[in-house]
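Please treat every number below as a calculation from the coordinates, not as lab data. Owing to the predicted nature of the structure, the values given are computational and were not obtained by experimental measurement. Every residue, glycine as well, gets a Cβ built from its backbone with ideal geometry; the counts of neighbours run over all protein chains shown.
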Amino acid sequence: MFNPNTLSPAKTLTLPIDAATTLATARVLIIGVGGLGCAVAHDLALAGVGCLVLVDFDTVDLSNLQRQLLHDVSQIGQPKVLSAQRALQQLAPTVNILPIAQHLTEKELLEEVAAADVVLDCSDNFATRFMLNAACVQQRTPLISGASIEFGGQVASFALNTADAPCYHCLYPDEAEEAATTCTQNGVLAPLVGIIGSLQATEAVKVLLNIGTPLYARLLLFDALTARWRVVNLVKDPACPVCQHTGTNSPF
Amino acid sequence: MTITVKFFASLREQLEKSEVKLDSVNALTVAQVWTQACDEVPLPSHVLMAVNMAYVDQHTVVQDGDEVAFFPPVTGG
């Protein structure tokens with residue numbers, strides 16, 4: 001007979017009990033429940049994170065199913081957040097899933113970011129990414145950003161709860177929006193979103209548990225075609241319009 | 001001076017080259033490195049760049065022996 005206790009995070013992760021408790025009491029905000037968001041939510045639910053807030057206004061489409069692993073054919077046309085909630089509750093019945101099937105206003109986004117211990121950017125457009133980064137800078141909430149397209153992926157973590165940390169806008173200027181390509185238009189190698197999403201989830205666990213060395217001020221690039229990884233070191237842009245007033249010399 | 005220029009991900013596919021060695025007697029900015037390595041095509045505004053694995057802007061002046069890397073913006077989710 002199925003016993004949910006056999007799936008307790010302490011047993012599956014062999015973490016010290018205080019670490020398991022930290023995860024079980026954590027609240028994580030996931031923006032976007034497509035390829036990256038499904039992988040992130042899946043991994044964090046199984047890792048024992050207690051509360052996942054899922055935000056996505058979109059509905060499940062047949063074309064999503066090759067890479068968005070929480071959705072299936074029975075959920076086509078349903079809101080992605082409800083489809084994901086349904087799948088996650090089968091995998092990890094004790095996790096509290098809070099689905100939000102709409103665009104958040106700036107005020108609502110700020111409230112959700114403030115309530116979260118860590119935020120994961122799994123969105124598919126720069127407008128959302130810039131808005132989310134600004135909210136995380138304002139609320140000083142750590143941000144873990146992932147992106148993938150075609151055969152390439154990127155992950156970076158931003159310690160926005162500390163002074164002098166670069167933010168997403170220090171890396172991507174507004175002009176980036178002009179070059180935006182999406183998975184829907186350009187396609188993405190299906191397993192790549194799992195690789196990048198699992199890296200984001202790994203970063204989230206590290207940040208929540210305060211262990212190891214997160215990808216703070218580093219951009220990790222993965223090229224699936226050559227199977228090569230590369231790290232680019234980031235610095236805070238003193239002229240960044242989003243975070244320039246958050247340094248140690250500013251009234252943080 | 002000699003500069004190693006590397007192109008990553010979709011840039012490598014579009015330009016059909018992954019690495020170029022540049023020899024120059026003049027000081028070069030990162031934008032000029034791109035132009036010389038890419039047959040005088042101007043640097044697109046959205047391309048990201050790093051010198052010796054540190055993120056820089058296009059006005060950064062490179063030194064002899066530097067490695068300049070260009071990589072594309074990625075936003076897909």
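Within the stretch A:149-180, whose backbone N sits under 11 Å from a point 7 Å along Cα→Cβ of B:D57?
A:173
May I ask you to list, by number, the DSSP H helices of chain A whose Cα span along the axis is at least 20 Å and whose average Kyte-Doolittle hydropathy reaches 1.0 or more? All intermediate terms of the calculation are to be shown ahead of the outcome.
Numbers: long enough: A:190-209 (29 Å, 1.37).
Helices passing the filter in chain A: A:190-209.
What does the net charge come to around B:L28 if you take all other residues with beta carbon closer than 12 Å to its beta carbon, with K and R at +1 and D and E at -1?
Numbers: positive: none; negative: B:D23, B:D64, B:D66.
Its environment carries a net charge of -3.
How shielded is A:120-130 by partner chains, expressed as the average number of their Cβ atoms within 10 Å of its Cβ atoms?
On the way: counts 0, 2, 1, 3, 3, 3, 3, 1, 2, 2, 0.
Rounded to a whole number, the mean comes out at 2.
If you wrap a convex hull around the alpha carbons of the stretch B:2-71, what volume per residue comes out, as a whole number of Å³? The partial results should precede the final answer.
On the way: hull volume 5.4 nm³, N = 70.
Enclosed volume per residue, from the Cα hull, is 78 Å³.
According to a simple spin-label model (label point 7 Å from Cα along Cα-to-Cβ), what is the distance in nm between A:Q78 and A:L98?
2.2
Please compute the average number of Cβ atoms from other chains found within 10 Å of each residue's Cβ in peptide A:153-163.
Average per residue, whole number: 1.
Determine, from the Cβ-Cβ distance of A:Q244 and A:Q90 and an R0 of 45 Å, the FRET efficiency 1/(1 + (r/R0)^6), rounded to the nearest 0.05. Mind dumping the intermediate values first?
On the way: r = 46 Å, r/R0 = 1.02.
Efficiency at R0 = 45 Å is approximately 0.50.
Starting from the Cα of A:W229, move 7 Å in the Cα-to-Cβ direction to define the label point; list residues of the stretch A:104-131 whose amide nitrogen is under 15 Å from there.
none
Could you derive backbone 3J(HN,Hα) for the stretch A:164-173 from the dihedral phi with the Karplus parameters 6.51, -1.76 and 1.60 (θ = phi - 60°), listing whole Hz in sequence and x where the residue is Gly or Pro?
Karplus values, whole Hz, x for Gly and Pro: 6, 7, x, 10, 4, 6, 5, 8, 10, x.
Out of all DSSP beta bridges with both ends in the protein assembly as shown, state the antiparallel percent to the nearest 5. Numbers along the way, then the final one.
Working: 32 of 56 bridges.
Around 55 percent antiparallel, to the nearest 5.
Using only the alpha carbon atoms of the protein assembly as shown, find the Kirkwood hydrodynamic radius as the inverse mean reciprocal pair distance, in angstroms to one decimal. If you can, show how the numbers build up before the last one.
Details: mean 1/r = 0.0486 Å⁻¹.
About 20.6 Å for the protein assembly as shown.
Averaged across A:170-176, how many Cβ atoms of other chains sit within 10 Å of each residue's Cβ atom? Write down the numbers at each step before the final one.
Working: counts 1, 3, 5, 5, 2, 5, 8.
Mean shielding by partner chains, rounded to a whole number: 4.
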